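To start, the structure under review is shown below, and the notes come after it.
The values are calculated or read from the model by the stated rules, or taken from the named source; none is laboratory data. Note that this is a predicted model, so its numbers are computed, not measured. Backbone-built Cβ (ideal geometry, glycine too); neighbour counts: all protein chains shown. What goes into the accessible areas is simple: the full protein's heavy atoms, side chains included, and nothing from ligands, DNA or RNA. Shrake-Rupley method; radii C 1.70, N 1.55, O 1.52, S 1.80 Å.
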Amino acid sequence: MAQNGHRTHIYVGLAGEGENIAEGGMLRRAEGEDDWQTITNGLPSNPQVRALLVHPDNPAVVYAGTQSGVYRSDDRGDHWEALESPRDGMDVWSLAFHPSNPDIIYAGYEPCSISRTEDGGESWKQMNTDRVAYPNVTTYMPPLAKRVIGIAADPSDPLDMYASIEVGGLLASRDGGESWDSITDGLYTENHTVDLHGVQVSPAAPGTVFIIAQVAMFRSRDRGHRWEHIRFGEMFPGGSYCRGLIVAPDDPNTLYLAAGAGGGGAPAGTQEAGALFRSRDTGETWDRVDIGDTPPSRMFQIAIDRAAPSNVYCCTGYGHFYASNDGGQAWSGSSLPMELSRSRHVYPMVAG
């Protein structure tokens, strides 16, 4: 759907994980078209694409995080160029723009490392994560390395930043990413609540941080010092598997959450299912969005086009894809054009 001459393009990255590395890939589809295109020209062989960004001012510029560092395309993914980012033995798992300067980009890696560019990706500097200490319950979990699965800055104070660690809790930086510390405290008997899958900072409420974990969502109103459990509709006894969280670009009070049942901390035998939830009041109350289906797989990703925010998309880890062109009121469903399995998941999805 075109708005003011703008045509939305949806990008989907494919990758495996750990011992289950299979064929990766990268897909693109223009709004209004039925067919997905493979766009891997210039990406590394068998690209494991786990992070994506579309430039907020120039949607032709797209960044992709892979097993071989960060890549950039200046033509909507038709061609890709490797950037001089850390790459040897470092898989990129997250990418994030500075809230007000898109030339500043942060990249999060596995094993845990964070790098920053201030010139759109031409040069990178590794940030200091030497002081990070993980909760004891997550320390000895080979072969899982600590991966930075999400990065977010407070739009009201970009010096205040957060990084979510899968099986490792939450990190914070108070100096714009130069140095990082763990702000996860307390004694834990299991890793489910500190096995994080994402972090967002509210543009509508300065200092309000949301984190999503293997079994729940939490909110802090004081920059991560104290936390409250956010209830939004449990999909198994005791919680829900939370995987994706996004703030609507046209309404800072609106958040979308991708969640599911099965896997993670769910009780044994829980049947997998996916769902999309939405809050219109900065996380106070939540409703389950009627997408016209109950997918048999956990919802993994959400994307909204900043230039055409009525275009909202979500996708499960196994490729069930849903699109709305009216701000999430009516939806259509389809599937990505490939066989997906445990070794091949949909990781990032963006629109622009």
Q. Pulled fully out, how much extra length does the chain show between residue 100 and residue 290, if you take 0.36 nm times their separation in residues and subtract their Cα-Cα distance?
A. 65.0 nm
Q. Using a simple spin-label model with points 7 Å from Cα along the Cα→Cβ vector, what separation in nm is obtained for residue 188 and residue 145?
A. 2.0
**Q.** the chain, relative contact order [Cα under 8 Å, separation at least 6], %
**A.** 13
Q: Just the number, please: percent antiparallel of the DSSP beta bridges in the stretch 1-132, rounded to the nearest 5.
A: 100
**Q.** Estimated FRET transfer efficiency (residue 84, residue 45; beta-carbon r; R0 25 Å; 0.05)
**A.** 0.80
Q. What are the ³J(HN,Hα) values, in whole Hz, obtained from phi via the Karplus relation 6.51 cos²θ - 1.76 cosθ + 1.60 with θ = phi - 60°, for each residue of the stretch 220-235 in sequence order, with x given for Gly and Pro?
A. 10, 9, 9, 6, x, 7, 10, 10, 10, 7, 8, 8, 9, x, 5, 9
Q | Under-5 Å amide H pairs with residue 345, H placed in peptide plane, nonlocal only | A | 15, 16
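For the stretch 55-96, state the average projected area of the convex hull of the C-alpha atoms over all orientations, rounded to one decimal in nm².
3.0
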Q: Specify the inter-centroid distance of the stretch 233-250 and the stretch 184-217, based on alpha-carbon positions, in whole Å.
A: 11
Q. If the viscosity is 0.890 mPa s and the temperature 25 °C, what translational diffusion coefficient in µm²/s does Stokes-Einstein give for the stretch 259-352 when Rh comes from Kirkwood over Cα pairs?
A. 175
Q: Quantify how much of the Cα-Cα distance distribution of the stretch 110-172 extends past 19 Å, in percent.
A: 37
Q.
Could you compute the longest span of the chain free of GluC sites (Glu not before Pro) located in DSSP loops and having at most 12 other Cβ atoms within 10 Å, not counting the site residues?
A. 191-283
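Given a Förster distance of 25 Å, report the FRET efficiency between residue 250 and residue 156 from their Cβ-Cβ distance, rounded to the nearest 0.05.
Plugging the Cβ-Cβ distance into 1/(1 + (r/R0)^6) gives 0.90.
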Q.
Taking every pair of distinct Cα atoms and averaging 1/r, then inverting, what Kirkwood hydrodynamic radius in Å comes out for the stretch 262-314?
A. 13.0
Q. What do you get when you divide the Cα radius of gyration of the stretch 207-254 by 2.2 N^0.38 Å, with N the number of residues?
A. 1.22
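Hey, any idea what % of the chain's accessible area is carbon plus sulfur with a 1.4 Å probe?
Ligands and nucleic acids excluded, carbon and sulfur give 44 percent.
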**Q.** Using θ = phi - 60° and Karplus 6.51 cos²θ - 1.76 cosθ + 1.60, couplings along the stretch 287-301 (whole Hz; Gly, Pro as x)
**A.** 10, 7, 7, 7, 8, x, 6, 10, x, x, 7, 5, 5, 10, 10
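Rounded to two decimal places and with Rh computed the Kirkwood way over Cα pairs, what is Rg over Rh for the stretch 210-330?
In the stretch 210-330, Rg relative to Rh is 0.96.
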**Q.** Karplus-derived HN-Hα couplings along the stretch 175-183 (A = 6.51, B = -1.76, C = 1.60, θ = phi - 60°), whole Hz, x at Gly and Pro
**A.** 9, x, x, 4, 9, 9, 9, 6, 10
Q: Percent of Cα-Cα pairs per 10 Å bin, from 0 to the last occupied bin, for the chain, please list those.
A: 6, 27, 38, 25, 4, 0
Q. What is the spread of the Cα atoms of the stretch 170-268 along each of their three principal axes, largest first, in whole Å?
A. 43, 35, 20
Q) When each pair of different Cα atoms in the stretch 164-226 is counted once in the 1/r mean, what is the Kirkwood radius in angstroms, to one decimal? A) 12.1
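Show that you can apply the helix-only estimate: for the chain, add -39,500 (n - 2.57) for every DSSP H stretch of four or more residues, divide by all residues, and state [θ] at 222 nm to the nearest 500.
Details: 1 runs with 4 residues, N = 352.
After summing the helix terms and dividing by the residues of the chain, the value is 0 deg cm²/dmol.
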Q | Stokes-Einstein D for the stretch 72-130, Kirkwood Rh over Cα pairs, 20 °C, 1.002 mPa s (µm²/s) | A | 177
Q) Looking only at 322, 71, 140, which one moves most when the chain is put into a Gaussian network model with springs between Cα atoms under 10 Å? A) 140
Q. On full extension of the chain, what length is gained from residue 334 through residue 204, given 0.36 nm per residue of separation minus the C-alpha to C-alpha distance?
A. 43.4 nm
Q. What's the Cα-based Rg to Rh of the stretch 293-337, Rh via Kirkwood?
A. 0.97
Q. What residues from the stretch 170-201 fall in the zone where the backbone N is under 11 Å from a label point 7 Å along the Cα-to-C-beta line of residue 229?
A. 193
**Q.** Global form of the stretch 37-176, assessed from the alpha-carbon gyration tensor, a/c cut-off 1.5
**A.** oblate
**Q.** Debye log10 I(q)/I(0) at q = 0.22 Å⁻¹ for the stretch 5-106, Cα point scatterers
**A.** -1.20
Q. At residue 123 and residue 178, where each label point lies 7 Å from the Cα along Cα→Cβ, what is the point-to-point distance in nanometres?
A. 1.8
